[in-house]
Structures are given as structure tokens and as C-alpha cells.
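Remarks on the structure that follows.
The values are calculated or read from the model by the stated rules, or taken from the named source; none is laboratory data. What you see is a predicted model; the values in this text were computed from it and never measured. Virtual Cβ from ideal backbone geometry, glycine too; neighbours counted across all protein chains shown.
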Amino acid sequence: MNTQNLPEIAKRTLIHSYKRPDIVFERGKGVYLYDTSGKPYLDFISGIGVSSLGHCHQDLVEAAKKQIEKLWHCSNLYHSPPHIELALLLTQKTFAEKVFFCNSGAESVETAIKFARKWGHTNKGADCYEIISFKKSFHGRSMGALSATGNEKYWKGFEPMLDGFKFAELNNINSVKKLISQKTCAVILEPIQGEGGINPAEKDFILELKELSREHNFLLIFDEIQCGLGRTGYFSAHEYFGVTPDIMTIAKPLAGGLPIGAILTTSKVGENINPGEHGSTFGGNPVTTAVAIEVVKRTSDKNLLNNVRTNGEYLKSLLEKLKERTNGITDIRGRGFMIGVEFNKNPEPIIQKCFENGLLVCKSGETTIRLLPPLITTKEQIEEAVSKLEKAILS
Ligand SMILES: Cc1ncc(COP(=O)(O)O)c(C=O)c1O
């Protein structure tokens, strides 16, 4: 196919749910993407937190090839080795005792909502179905995940939302207390809000939330779809707080870019789900789980996590200096390689300039540029990115 016509064909044939530029990415290697003309782009989005080991990591390519020649699919009616091995690995690397696999972030949030409601029904009665979420949160586009999302912007045109969701303010424990009742089965929270502007939850707030969950007997759900699996310099972002949830959702980087999601639970939650109560045709697919095993082994490696912390601090320090010597940056937030650069105006023109300069970054919230570089990004690549960002700010 003639690659020059592709943007025009895309305009005619694809539903315009995304505003895409008129270039087409053809290949990726490490932290760079290449368009059809061969121009390189330093990828500081990583497919929105997906390609955490960079593009086309050789070990992941090998794992996919090896599995694809053996078995692609056998359905969840049966076991397959990588499915079980990945579940075991995740229980070894996290708080979890039970795992369910699906295909995306939204699907894992849907599943978490179902599991929390089922736990509420079994333990506290059929009226116990309410979930407290947070303003500015983002949990996905399917109806349950959308209903849990604390931003009306995403609801417009799709109302009514599902019944049973209430919204508190992040880092305001009294706003949570006011919403707790006998009907509360869970609180759902991103340890760092990803789409809402890179807003980190504070340690004291999480500790108090955990205490409330014990006192009032509700579940704590951490949505680590964007901030988990090494992104913050901890394998699970919540390790920073020293607190574990009852349910955790993960997805994006889990299989390095192949579609996967997972719901990790304690046994009290997982053992409450019986055959026939939940399912997924593709969830735990042998190829995606074979690749995910390699991703989990590498992103839980102490050396990699230390590098994310050190290089994340380095990135932050360069951004702080950039803030001093340019106009418009008002705040730098985040942890590890999940960084938000807040501007005093809509940063879209700067994002566009970065794009033209060969740097991919994206917006979060209304005034924040989000940086989610691959976890393997070096100091030199950080310097290259900050220099391109500076050029974009000054132009
Ligand atoms: C925190 C969080 N939860 C859920 C989702 C939804 O994931 P997906 O796009 O894979 O459905 C996202 C996606 O950006 C996310 O950042």
C-alpha cells in the first residue's frame, strides 16, 4: 500500500475519536519511533505508558515468536502454561493472592467494579454496591469505568451514568468520610492521577483511607493501569505508601504493547467469584501472557527500578531549571518516570512544536504536559528531550 495516501484514507475510513497528525509511524526501536519518511521521534509518551521497555525489545519479540509458533489461543475453558506462570509471578511480585486476566484497562476496571459489588453483596447485603471515586480521576471509557471516572467532560453525550458512584476530593479525607455509608463496598483511586493532570495522592491521605476501609469494612481498589509496573520507580506504585489494596487493576505496559489487563486481588475478594460469574474470551491469551512474563521479570528488576528513580529525579531537576529560565511553567509534579509539567495556559501549541522537533509528549488535564518516557530512558535521552521541550517553549 502507498504509505503517502494513508492519512487521507484514515480521514475517510476511521471514526474520528482521536485527533491525529498527518504522519504515520512505521516502526519503533528503543525509545524512538520512526515515521514513513524515516524521521525519528523521541517517544516520551511510550504509547501512553505502554512501551515501558521501549519499542520492539528483542527479548519480547523472541518471547512472542516462540509462543506464537506453539499456541495462540485455547480459550479460558482450559489452562495454558504462560497464563498460569504469569499469575504465579504476579502473586510473587505483589500483595495479590488471586489474578484474573482480561484485555484492556477499562475491562480490568469493569471487572474490579463487579468483584467489589459481589464482595459487598456477599458480605454486607444487596444494598452494598456504592463505590467512592475521586474528582479528576480517569478509569476508562466503558460504561462502568466511565461512571467511576470523576470528570463530567468524558460523560457528555453518554448519560445516564451507572448508579452507585460518588466523588470525593483527592487528598481530602473529610470529603471521603462524608460519602461513606452502609452502602459503600469500595473506594477506587489512582495512586497518581494520570489523565487528570498528574496528581499524586499523599501518603497520609492513603494511610487514613486504609484505616477507614478497616473501620467501615469496605474494599480499597488501586487503579495502577497508568502508574503501576515500575513507572514510578516502584514495581507497584502503592509500595511508596507502605499500604496494600484489596484489588488492583493493571494493564497498559503489562505485555509491552500487546492488549492485556489484569485484576489482582486478595483471596477474600478472589475466592468470592464462582464459575460462570465472570469471563473473557481472550483474557490470558498465551501469546500476550508469554510476553507479559518477560515484561514483569524486567520491570520488577531492582536495577531498573533504581534507574527509574534516579533518572526520574534527574528529569525533574532539569525541568526545575527549565522552569527557572523560561516563562509559563508553574509546577513540576510526579514520581519516577510519571511527570507532569504544569503551564499557566493551554500547552497544546508547545506539544505541537515538540512534535515538529521530533519529541512526543501529550496533555493531561487542562494545562499539564505529561512525560511518560520508557523506563529504559538514559540521561542523554532525558537531556535531548528537555532541550527539545525548551526549544518548543521558546519558539
Ligand atoms: C488510570 C487509568 N485507568 C484506566 C484506563 C483505561 O485503560 P484502557 O485505555 O486500556 O481501557 C486508563 C487509560 O488511560 C488509565 O490511565
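Go through segment 57-71 and give me each residue that's part of a loop (DSSP other than H, G, I, E, B) and surrounded by 12 or more Cβ atoms within 10 Å (Cβ to Cβ). Listed by number, the residues that qualify are 57, 70, 71.
The residues on offer are 353, 323, 363, 345, and the sole one that is in contact with a Pro (Cβ under 8 Å, 6 or more places away or on another chain) and without any contact (Cβ under 8 Å) to a residue 60 or more places away in the chain is 363.
Quick check on my filter: what residues within segment 220-234 are near the ligand (Cβ under 8 Å from one of its atoms) and either touching a Lys or Arg at 6+ places or on another chain (Cβ under 7 Å) or aliphatic (A, V, I, L, M) (or both)? Once the filter is applied, which keeps residues that are near the ligand (Cβ under 8 Å from one of its atoms) and either touching a Lys or Arg at 6+ places or on another chain (Cβ under 7 Å) or aliphatic (A, V, I, L, M) (or both), segment 220-234 yields 225, 226. For the criterion of being at pLDDT 95 or above, in contact with a Pro (Cβ under 8 Å, 6 or more places away or on another chain) and buried (at least 24 other Cβ atoms within 10 Å of the Cβ), residue 308 fails. Figure legend. Inter-residue proximity from segment 101-117: first residues hydrophobic (A, V, I, L, M, F, W, C), second residues assigned to a strand (DSSP E or B) and within 8 Å of the ligand (Cβ to nearest atom), beta-carbon distance below 9 Å, spacing 6+ or different chains. Indicated pairs: 101/261; 102/261; 106/261; 109/223; 109/249; 109/261; 112/223; 112/249. Considering 97, 159, which residue is acidic (Asp, Glu) and over 23 Å from residue 216 (Cβ atoms)? The conditions single out 159. Taken over segment 101-120, the criterion of being crowded, with 22+ Cβ neighbours inside 10 Å, closer than 14 Å to residue 246 by Cβ and more than 13 Å from the ligand (Cβ to nearest atom) is satisfied by 115, 116, 119, 120. Looking at 373, 347, just one residue is buried (at least 22 other Cβ atoms within 10 Å of the Cβ) and under 20 Å from the mean Cα position of the chain (by Cα), and that residue is 373.
Of the candidates 23, 68, the single residue that is over 24 Å from residue 228 (Cβ atoms) and not assigned by TED's automatic domain parsing to the domain that holds residue 244 is 23. Only residues that are buried (at least 23 other Cβ atoms within 10 Å of the Cβ) and either within 16 Å of the ligand (Cβ to nearest atom) or polar (S, T, N, Q) (or both) were counted in segment 80-93, giving 0. Which of the residues that make up segment 72-95 are part of a helix (DSSP H, G or I) and either in contact (Cβ under 8 Å) with a residue 60 or more places away in the chain or in contact with a strand residue (DSSP E or B) (Cβ under 7 Å, 6 or more places away or on another chain) (or both)? Of everything in segment 72-95, those that are part of a helix (DSSP H, G or I) and either in contact (Cβ under 8 Å) with a residue 60 or more places away in the chain or in contact with a strand residue (DSSP E or B) (Cβ under 7 Å, 6 or more places away or on another chain) (or both) turn out to be 81, 82, 83, 85, 86, 87, 89, 90, 91, 93.
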